[in-house]
Amino acid sequence: MIQFYNTLTRKKEPFNPIEKGKVSLYTCGPTVYDEAHIGNFRTFMFEDLLKRVLMLNGLDVFHVMNITDVDDKTIKRAKETAQPLQALTENYTQKFHEDLKWLKMLPADEYPCATHHVSGMIKMIESLIKKEHAYVEDDGSVYFKVNSFSKYGQLSNIKFEDQKVTERIGSDEYSKESAQDFALWKGWKPDDGEVAWDSPWGKGRPGWHIECSSMSMEYLGDHFDIHCGGVDNMFPHHENEIAQSQCHAGSSFVNVWLHSEHLMVEGGKMSKSEGNIYTVSELKAKGFTPEIIRYQLLSGHYRTKINFSLAKKQEGEKIVKRLSEFKSRLESFDLENVTLDENPTIYSEFVKNLSNDLDTPNALAIFFDFMKKMNRQMDKGSIDKEQVASSLYFLDKFDSVFGLIPRTGKVPEEIVKLVRRREQARNIKDWNESDNLRDKIDALGWKVKDTASGSEISKKSA
RNA sequence: GGCGUCGUACCCAAGCGGUCUAAGGGGCCGGUUUGCAAAACCGUUAUUCGCCGGUUCGAAUCCGGCCGACGCCUCCA
């Protein structure tokens with residue numbers, strides 16, 4: 001059984017896809033006005049984990065992630081940097097994809113961008129106006145009438161009567177009937193410059209929320225399984241999406257809403273003034289590998305705040321090394337004529353924990369426990385080949401979810417030669433020569449390890 | 001002001017009323033093994049779960065108060 005904590009109902013509930021064996025998944029993607037930071041990637045990593053766990057359960061996942069390539073921030077940034085909006089957004093979209101790939105995230109099936117789907121959004125807005133859920137203002141903007149949707153506030157548990165009127169609402173530059181109404185369409189203003197589409201209400205551009213409603217329904221239908229994002233998207237973004245979508249299609253829209261908590265950095269919240277916003281490129285420059293970052297982001301539960309810290313780098317390094325060692329140790333067995341059908345029994349325990357609202361901490365604990373047991377048996381020489389085979393199977397499944405084992409690159413010929421020479425030296429017990437060669441190899445960025453079955457070579461992590 | 005989350009060893013992090021004299025990981029220290037090193041393994045590191053009360057036969061787990069950290073309240077993942 002798969003269970004998820006559904007923000008909509010505020011409890012853990014069994015997950016049953018609408019169509020048996022298939023899952024329709026929509027995840028809110030980046031706004032491409034800048035490089036995404038590690039906090040953004042925490043959310044994307046959680047979504048990636050979700051997808052991998054669904055796949056581990058044999059489900060066929062169709063995943064759509066939108067790219068927000070037009071909004072206040074992108075327009076502002078394009079103007080500041082004196083480039084066309086499209087140049088800016090294409091640049092950061094590409095960078096985003098590179099980062100995703102580097103972090104070993106599975107690609108989505110579709111990455112629709114807002115600017116390519118404006119006509120669909122206009123259609124949806126027209127329908128909302130026709131149904132009197134929206135109205136047009138003098139400046140050509142269209143607003144959603146929040147009090148026309150009785151369920152408004154269900155997701156975020158917000159009641160407007162209790163709300164403080166913040167400065168942002170007070171200083172809103174657009175006019176509208178009621179403070180909580182939100183823009184579906186924004187009439188053109190000089191600040192928008194070249195950025196404009198024609199619409200029945202004149203020149204303008206789409207509001208933020210409408211793109212997700214329109215594109216999710218276009219790619220996944222009026223009613224789909226899972227929609228997720230960071231907690232901060234709960235309100236207003238997802239709340240507004242629900243309002244628009246349900247008023248438009250009248251269906252139930254999304255069955256399960258999942259939200260991941262925020263990432264803290266070096267013990268505090270991320271903020272530009274603290275200077276603790278790390279991008280993937282920066283972390284890469286500091287010697288982080290995708291696996292180390294994955295470990296930091298996946299070792300805490302997705303609904304708790306976790307702290308990202310540079311100091312934790314070596315902890316991740318250690319884990320990655322242990323896992324790789326374990327793998328090569330298992331792989332050193334000759335497994336010809338061994339059928340690998342038996343999974344270790346803890347494997348089902350592992351899957352069960354992941355399927356329980358993505359319980360990565362417990363899943364990791366189960367795997368580490370298992371790894372220790374198998375290592376102990378290998379130390380004692382009491383492991384049998386069936387156990388080796390099933391361990392490899394488990395390890396493979398483990399890594400299909402966590403992605404913590406780096407692919408070992410080819411060892412350069414030069415290094416191989418040095419290792420061979422060192423083995424010869426060791427055979428004749430020339431320890432001086434042997435140690436010299438080890439230093440030489442080490443200086444070239446590789447580590448030798450002597451085992452019962454000969455010397456092993458591995459790349460030193462940066 | 002409203003809504004909500006969290007506080008467990010030196011650090012990270014499970015735990016959701018009894019199996020907790022509290023998983024798992026990192027670190028420290030000691031040991032086995034090894035030419036040395038590395039790895040692996042073993043042992044050690046919380047009689048205690050922010051503090052104070054209460055409920056209960058029984059609480060880290062439920063309730064109340066206090067202290068502390070954090071989030072959302074209209075475009076922030």
Inset, instruction - Run residue A:436 past the list (1) open to solvent by 50 Å² or more (accessible area, probe 1.4 Å); (2) away from RNA strand B (no atom under 11 Å from the Cβ) and report the number of the one that doesn't hold. - result: (2)
Inset, instruction - Tell me, please, whether a residue that is of a type in the set (Gly, Ala, Ser) and touching a Leu at 6+ places or on another chain (Cβ under 9 Å) can be found in segment A:49-70. - result: no
Inset, instruction - Considering each residue of segment A:241-254, count those that are within 11 Å of residue A:151 (Cα to Cα) and within 16 Å of RNA strand B (Cβ to nearest atom), and give that number. - result: 3
Inset, instruction - List every residue pair whose Cβ atoms lie under 8 Å apart, where the two residues are 6 or more positions apart in sequence or sit on different chains, the first residue falls within segment A:40-51 and is assigned by TED's automatic domain parsing to the domain that holds residue A:293, and the second residue, located anywhere, is hydroxyl-bearing (Ser, Thr, Tyr) and outside any helix (DSSP H, G or I). - result: none
Inset, instruction - Looking only at segment A:93-121, count how many residues are touching a Lys or Arg at 6+ places or on another chain (Cβ under 9 Å) and open to solvent by 50 Å² or more (accessible area, probe 1.4 Å). - result: 4
Legend entry - Flag if residue A:322 is surrounded by fewer than 20 Cβ atoms within 10 Å (Cβ to Cβ), within 12 Å of RNA strand B (Cβ to nearest atom), of a type outside the set (Phe, Trp, Tyr) and more than 24 Å from residue A:371 (Cα to Cα): no
Inset, instruction - For segment A:378-399, indicate whether the set of residues that are open to solvent by 90 Å² or more (accessible area, probe 1.4 Å) and either on the phi > 0 side of the Ramachandran plot or away from RNA strand B (no atom under 14 Å from the Cβ) (or both) is non-empty. - result: yes
Legend entry - Selection count, segment A:96-146, where residues are over 18 Å from residue A:28 (Cβ atoms) and within 23 Å of the chain's Cα centre (by Cα): 4
Legend entry - Filter result (in a strand (DSSP E or B) and more than 9 Å from RNA strand B (Cβ to nearest atom)) within segment A:442-460: A:446, A:454, A:457, A:459
Legend entry - Single condition residue A:328 does not satisfy, out of (1) touching a residue at least 24 places away in the same chain (Cβ under 8 Å); (2) more than 8 Å from RNA strand B (Cβ to nearest atom); (3) more than 15 Å from residue A:404 (Cβ to Cβ): (3)
Inset, instruction - Search segment A:278-297 for residues being among the aromatic types (Phe, Trp, Tyr) and under 12 Å from residue A:317 (Cβ atoms), and hand back the single one that is nearest to RNA strand B (Cβ to nearest atom). - result: A:295
Legend entry - strands (runs of 3 or more DSSP E) wholly inside segment A:221-316 containing at least 1 residues that are surrounded by fewer than 16 Cβ atoms within 10 Å (Cβ to Cβ) and either without any contact (Cβ under 8 Å) to a residue 12 or more places away in the chain or not charged (D, E, K, R) (or both): A:306-308
Legend entry - strands (runs of 3 or more DSSP E) wholly inside segment A:1-66 containing at least 1 residues that are open to solvent by 10 Å² or more (accessible area, probe 1.4 Å) and modelled with pLDDT under 95: A:3-6, A:11-14
Inset, instruction - Kindly indicate whether residue A:275 is modelled with pLDDT under 95, away from RNA strand B (no atom under 11 Å from the Cβ) and touching a helix residue (DSSP H, G or I) at 6+ places or on another chain (Cβ under 9 Å). - result: no
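The values are calculated or read from the model by the stated rules, or taken from the named source; none is laboratory data. All of these numbers come straight from a predicted model, not from anything done at the bench. Counting neighbours? That spans all protein chains shown, and the Cβs are built from the backbone with ideal geometry, glycine included. Note: accessible area is taken over every heavy atom of the protein model, side chains too, but ligands, DNA and RNA are not part of it. Shrake-Rupley method; radii C 1.70, N 1.55, O 1.52, S 1.80 Å.
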